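To start, the structure under review is shown below, and the notes come after it.
Every read-out reported here was derived from the displayed coordinates using simple, explicitly stated rules and does not represent laboratory data. Remember, it's a predicted structure, so these values are computed and weren't measured experimentally. Methodologically, a virtual Cβ is constructed for each residue, glycine included, from the backbone with ideal geometry; neighbour enumeration extends over all protein chains shown.
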Amino acid sequence: MFSGEESTRIESDLPREEMEDAVADALSTLGHVEFLGRTGFEIRARRLESAFANVIINGELTKGRKSGQWTLTVTYQVNPSALCWAIAILGFLFLLIGLLILLVPLGTKNNVQKMVARAVRAARNDIEDEIDDRREG
């Protein structure tokens, strides 16, 4: 129902396995990161969910066109839970509270959006800083 996407380019000559580990560490603030297949991953963001909102976060780590360049994309979706829909339907039947209760997932979406954006930027910065440290060291 409410969704968004954050994407960034990361300059790094790390091999894929190390990049996946670095991305998983950097995005762990959102939840448990699990890579699926060659490029995709999912994040189990249970702590971002509530009784009124279900959160789905997926992502992709792809090699860029240039050597040493990666693209990290994270998409998220916040949906009303079954409880939220039940209250919305009952609320709509009895009062206009039903429509107002649907704003709860929107607030959750805004929180998820901020956290995803912060985590994606942190991932880029952490990985690029590590590469800079290796070059200097």
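Computed quantities for the displayed model
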item	result
For the chain, alpha-carbon Rg over 2.2 N^0.38 Å	1.27
Computed over region 65-137, Kirkwood Rh from alpha-carbon pairs, angstrom	15.5 Å
Region 1-62 - charge dipole about Cα centre, Lys and Arg +1 at Cβ, Asp and Glu -1, debye rounded to 20	320 debye
Neighbour-count order for E136, E6, fewest beta carbons within 10 angstrom listed first	E136, E6
Charge dipole of the chain about the Cα centre (unit charges at C-beta), most positive-ward option of I56, S7, T71	I56
Among L72, L48, L103: highest mean-square fluctuation, GNM of the chain, C-alpha pairs under 10 Å	L103
Gaussian network model of the chain, springs between alpha carbon atoms under 10 Å - residue of F41, F52, F94 with greatest fluctuation	F94
Cβ-defined net charge surrounding G64, 14 Å radius [Lys, Arg +1; Asp, Glu -1]	+2
Value at 222 nm in deg cm²/dmol, rounded to 500, when DSSP H runs of n ≥ 4 in the chain each add -39,500 (n - 2.57)	-15500 deg cm²/dmol
